[in-house]
1. Three principal axis extents, largest first, for the C-alpha atoms of the protein assembly as shown, in Å?
2. Tell me, Kirkwood radius of the range A:2-100 from alpha-carbon pair distances, in Å?
3. Sorted from fewest to most neighbouring beta carbons within 10 Å, what does the list A:25, A:100, A:12 look like?
4. For residue B:63, give me every one of the aspartates and glutamates with a C-alpha distance below 14 angstrom, ignoring sequence neighbours fewer than eight places off in its own chain.
5. Within the range B:1-70, list the chymotrypsin sites (Phe, Trp or Tyr not before Pro) lying in a DSSP loop whose Cβ has at most 13 other Cβ atoms in a 10 Å radius.
6. Could you check the spin-label model distance between residue B:135 and residue B:77? Points 7 Å from the Cα along Cα→Cβ, value in nm.
7. On C-alpha positions alone, give me the angle between the axis of helix A:55-71 and the longest principal axis of chain A, in degrees, nearest 10.
8. Under the rule a/c < 1.5 gives rounded, and otherwise a/b versus b/c splits prolate from oblate, where does the range B:9-151 land using the Cα gyration tensor?
Amino acid sequence: MEVTLADSEGRSEVTVSGDLDMQSSPELRRMLSDLVRKNVPHIIINLEAVPYIDSSGLATLVECMQGTNRTKARLQLIGVNEKIWPVFELARLHKVFEISRDATVD
Amino acid sequence: MSEVASDTRTVEIRIPSDPAFMAVVRRLTSAVGTLAGLPPEETSAVTLAVDEACTNVIKHAYKHDYGQQMILNFELKPDRLELRLRDYGTKCEPSRIKGRDLDDVRPGGLGVHIIRKVMDEVEYDTGHDVGTELRMTKFLKAVKTDGSDTSR
C-alpha cells in the first residue's frame, strides 16, 4: 500500500493505493491521526486505487471520523469503487460517512 | 483404483500468524471460491470473511505473536464450501463472541459481524486440548438449466 498527502487551501487529500488491511492500515492510521491532531478543517481520503479493504481498514476510517467529529472538521471519502463499496454496505458504513463513489471533490 | 471419484476435494495450508501473509490467504480463498462454483460477488465476500477469521486469530488467539501457525482447510463439496480454521492459541469463548450493534459506530468488532453475515453457518469448536477450530460453511445456490437461481 502507498499513501500520499497533498495539502491545499485548508484541505488535505490523502490518496491510498493498494490493499487496506491489517498489515497496511497502521500507516494510514498514523497519517490520519496526525491530520486530526493538526486540526485540518477538511480531510479527503481518495480510495479509488484501493482494490480491497477489511475491517482493520474500515476501523481506521471510523477512527478518523471520530476524530474529525471532535474537531468539527469535514471528512470526505471519495473514489469508493465497486470492489470495496460492498464492504461499506456490509458494515452499514456507507450511510455513516460523507462518501462518493467517484473521485471528484466538490 | 476406485472408479468412483470422491465428491469432496480438499485444499489445506499452514499459514504463519503474520498479517503479511493475509494476501496469500486472500488469493487462495478467492481461487478456491471460484473453483467451488461461487459467483464472483460471493467469492469476494467469502474471501473477506476468511481474512477476518484469520486476523481475529492473530489478534485474539495469538495476541499479535506473529511467530505462530494456523491451518486453513477448504472442502469443496457439490452443494457447499466448508472451511476450517485451526489455531493453537488462547481458546476463544464462543458465548463472548458477538458482532457489535452496527448502529454503535466505532472502530473494532466488525470482523465477527462480517463473518456471520457472509457465511451460512459459523461454529466455534473449543473441544480441542489446545486452541480453537472455527468451522464455516457457504452453501452454493443451485442453478437451474435455464440459468436462474433456485433456493436450496
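Computed from the coordinates by the stated procedures, all read-outs in this text should not be read as laboratory data. Owing to the predicted nature of the structure, the values given are computational and were not obtained by experimental measurement. Every residue, glycine as well, gets a Cβ built from its backbone with ideal geometry; the counts of neighbours run over all protein chains shown.
1. Principal-axis extents of the Cα atoms in the protein assembly as shown, largest first: 74, 49, 31 Å.
2. One decimal place: 13.2 Å for the Kirkwood radius.
3. Placing the least packed residue first, the sequence is A:100, A:12, A:25.
4. The qualifying aspartates and glutamates are B:18, B:87.
5. When the chymotrypsin sites (Phe, Trp or Tyr not before Pro) of the range B:1-70 are filtered for loop state and at most 13 Cβ neighbours within 10 Å, B:66 remain.
6. Placing both labels 7 Å along Cα→Cβ, they lie 0.9 nm apart.
7. Taking the Cα atoms of chain A, the angle to A:55-71 is about 20 degrees.
8. prolate
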